[in-house]
Structures are given as structure tokens and as C-alpha cells.
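K.L.:
Provided herewith is a single structure, encoded as C-alpha cells, for subsequent inquiry.
The values are calculated or read from the model by the stated rules, or taken from the named source; none is laboratory data. In this text, all values refer to a predicted model and were calculated from it rather than measured experimentally. With ideal geometry, Cβ positions are generated from the backbone for all residues, glycine too; neighbour counts draw on all protein chains shown. For the accessible areas, the whole protein counts, side chains as well, though only heavy atoms, and no ligand, DNA or RNA atoms are used. Shrake-Rupley method; radii C 1.70, N 1.55, O 1.52, S 1.80 Å.
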Amino acid sequence: MVSSLTEKQFKHGVLFYHEHTGIKDIYRGLGDVATSLTTLCKHLSIQLSENEGDIITFCQKIKDKRYSDDVDIIFILGGDGTVNELINGIMQSELHLPIGIIPGGTFNDFVKTLNLNPRHKMASQELVNAELRPYDVMKVNGEYALNFVGLGLIVQNAENVQNGNKDIFGKLSYVGSTVKTLLNPEHFDYKISVDDQTIDGNTSMLVVANGPFIGGSRIPLTDLSPNDGYLNTFVFQEQSSSVLNDIFKQRDSMNWNKMTDGIKHLLAKKITIETEPQMKVDIDGEINLKTPLEIEVIPSAIQILTLPEAQATNQEDAD
């Protein structure tokens, strides 16, 4: 169900942020964002998150009416990891409130799904014309994720990003320096159970996607949807030129496995993943878990402000 916004629709919005976002001048950025959000909310609170886990704690306080008794929307200014913390706060607290996401990180993958501009000032302005849409959420070993779960090469990528190299996966960017990583990967054995089937084998990367963007670029599955009640599992079966070709080849779920040599696609609602050896797991840019994994989709679990496609501006990279 889609709900269009009207001016001053919300009584009390809370904007979470932390000082270490990708925005150069966070306080000027907050001013730009607040200017737009006050056209949506009669009352806007700006809340600093000083430490990891603070947003989860604040969500519980909002649920218990200990923060304020009239909060009816939550905004987040930050990157994918900060958004992930808010999703966990919302889901763990069973806090049935809509959210608005303003980009403040490196890739801002789910912001692209919402058709918002990658610049925080323009994105906050676009929220005035946004509408509430339902989105699925992934439950992963008791934690929650909005966009993806990854093992193997994608974890190496996340660790490199954390170490300051933000370019390793550029344009679903298995190009440039990443080609070397693809051609010389670390392999692991896997066993995957998806709904009514089980497969096993050896791979260098495995991704379970809810959203269509990872690492700044779109997954080339044309009918991948973050609100269809299904998760998309991709298993990289071999490292060769065919994998690089497959990454950039557009196709839908009906013909993916017929057209694709190096990446197998599985559609499911529940997924179990076992590996040998035990592998680190990247969840929306946060490496907090290890295999084995129990993953399931929670359909239409959260309402997020989304700009209608017809109103979306050019999705250029942020400065």
C-alpha cells in the first residue's frame, strides 16, 4: 500500500545522526536536512548517536514512550551501516513507525532503491514529495537487514572499505584492481537449503539480496524487488571471464540460470547456509556474524519514504 504525504503530515519526527558520517561538515549538513524535514513535521528532534547501539536504545525508548509520547516518524542521516542499526532498532522494538533515509555514507545502496539523490541536501528536499511504501526485511540469525547478506569476496571488500579503500568494488565494480581479486579468490565449501531444495559446492562469493543495489551498482536481475516477499541468492560458481560478463548482463529470474554460466540464482523465502571453514558475514556493510546462517524474509515489515520514479532526479555520485 502506497501512502502519499501532505505538508506537515507528521507530528513529531526524530532525526538520528552521528558525527562520523561521510558528510564533510556534518553540522552544516544537519541544517540543510532539518530545513527540509521541518516542512514535513510540526516538531523535529535532532538526536546524536554517540556510540554503536545508541540508535537501538533510542528506538526502545520511543516504543516505551520514554523519549516522547508523540513520535510518529524516524529519520536517519548516515550510510548503509547506520541505516542497518536503525532497521535493527525498529524491528527489535517492534516499533511500527515509518522511516526516512538521508544519505551520508559511501555507497548509500538502499537510497538508490528509494529513488533519492545521493546528496544529503537534495535527498532531504525530495522527501517532501515522497510517499510511504512497504519493504521486506531479512531476519538473519536474530538480526535484521534491509539490503543484503554476503560471504567471501564481498566481505574482503567491506574490510578494505573499512581500512580506507573505498573503490575496490566500484561499478558492481569487479573492474580494475578488483579483477585481480576475482581471478585469485579464496574458496570455501557451502551447503545451501532454500525452501524445497538443497545444493552444495565450492565458491568464492555468495550473496543473498533483498535490495537491487550492492556496492554502488545495480544487480543485473531486472525483476529483483525489495517488496515481493522473496530473497535472491547468488552463488558465484567459477572465476573466469564468464563471471565478469554475467555481472553486466541484464536478465530476469525466469531466464537467469539459462543465460548465466558463472553465477547461479535461487529464489526463496527461507535460506540456510553452512560453510567449511566458518566464514565472516557482511550484513549491509557490517561484519558482525559468522556462518552458519538462518535467513528468512519478513514481507512488508517496514514503511519507508520513497520518491516516485517519475520525480527522481539524476542519480549522480555524491561529492
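K.L.:
Could you tell me which residue of segment 273-295 is surrounded by the most Cβ atoms within 10 Å (Cβ to Cβ), considering only residues that are closer than 24 Å to D223 by Cβ and not charged (D, E, K, R)?
P.N.:
Restricting to residues being closer than 24 Å to D223 by Cβ and not charged (D, E, K, R), the top hit is I283.
K.L.:
Any residue that is part of a loop (DSSP other than H, G, I, E, B), free of Cβ contacts under 8 Å to residues at least 40 places away in the same chain and closer than 19 Å to V137 by Cβ - is there at least one of those in segment 111-120?
P.N.:
There is no residue in segment 111-120 that is part of a loop (DSSP other than H, G, I, E, B), free of Cβ contacts under 8 Å to residues at least 40 places away in the same chain and closer than 19 Å to V137 by Cβ.
K.L.:
Restricting to segment 83-96, what's the tally of residues that are over 14 Å from the mean Cα position of the chain (by Cα) and in contact (Cβ under 8 Å) with a residue 60 or more places away in the chain?
P.N.:
Qualifying residue count, segment 83-96: 2.
K.L.:
Looking at D25 and the list (1) free of Cβ contacts under 8 Å to residues at least 40 places away in the same chain; (2) under 27 Å from F148 (Cα atoms), which single condition is not satisfied?
P.N.:
(2)
K.L.:
Another question, if that's okay. Of the numbered conditions (1) within 22 Å of F148 (Cα to Cα); (2) touching a strand residue (DSSP E or B) at 6+ places or on another chain (Cβ under 9 Å); (3) open to solvent by 30 Å² or more (accessible area, probe 1.4 Å), E94 satisfies every one except a single condition; which is it?
P.N.:
Status for E94: all satisfied but (2).
K.L.:
Only residues that are assigned to a helix (DSSP H, G or I) and within 15 Å of V111 (Cα to Cα): list them for segment 59-84, please.
P.N.:
Once the filter is applied, which keeps residues that are assigned to a helix (DSSP H, G or I) and within 15 Å of V111 (Cα to Cα), segment 59-84 yields D80, G81, T82, V83, N84.
K.L.:
Provide a single number: the residues in segment 20-42 that are surrounded by fewer than 16 Cβ atoms within 10 Å (Cβ to Cβ), modelled with pLDDT of 80 or more and of a type outside the set (S, T, N, Q).
P.N.:
The total comes to 6.
K.L.:
Also, quick follow-up: If I filter segment 43-58 for residues that are assigned to a helix (DSSP H, G or I), of a type in the set (D, E, K, R), at pLDDT 95 or above and open to solvent by 10 Å² or more (accessible area, probe 1.4 Å), do I get at least one hit?
P.N.:
Yes: segment 43-58 contains one or more residues that are assigned to a helix (DSSP H, G or I), of a type in the set (D, E, K, R), at pLDDT 95 or above and open to solvent by 10 Å² or more (accessible area, probe 1.4 Å).
K.L.:
Going by what's in this entry, would H12 be described as in a strand (DSSP E or B), over 30 Å from G216 (Cβ atoms) and open to solvent by less than 70 Å² (accessible area, probe 1.4 Å)?
P.N.:
Yes.
K.L.:
Right, here's the next one. I'd like to verify a number: residues in segment 194-227 that are β-branched (V, I, T) and either closer than 25 Å to A301 by Cβ or within 16 Å of the chain's Cα centre (by Cα) (or both), how many?
P.N.:
Qualifying residue count for the region: 6.
K.L.:
Could you give me the residue pairs with C-beta distances under 8 Å whose first residue belongs to segment 59-73 and is in contact (Cβ under 8 Å) with a residue 40 or more places away in the chain and surrounded by 11 or more Cβ atoms within 10 Å (Cβ to Cβ), whose second residue is in a loop (DSSP other than H, G, I, E, B) and of a type in the set (G, A, S) wherever it lies, and which are 6+ apart or on separate chains?
P.N.:
I62/S68; I62/S93
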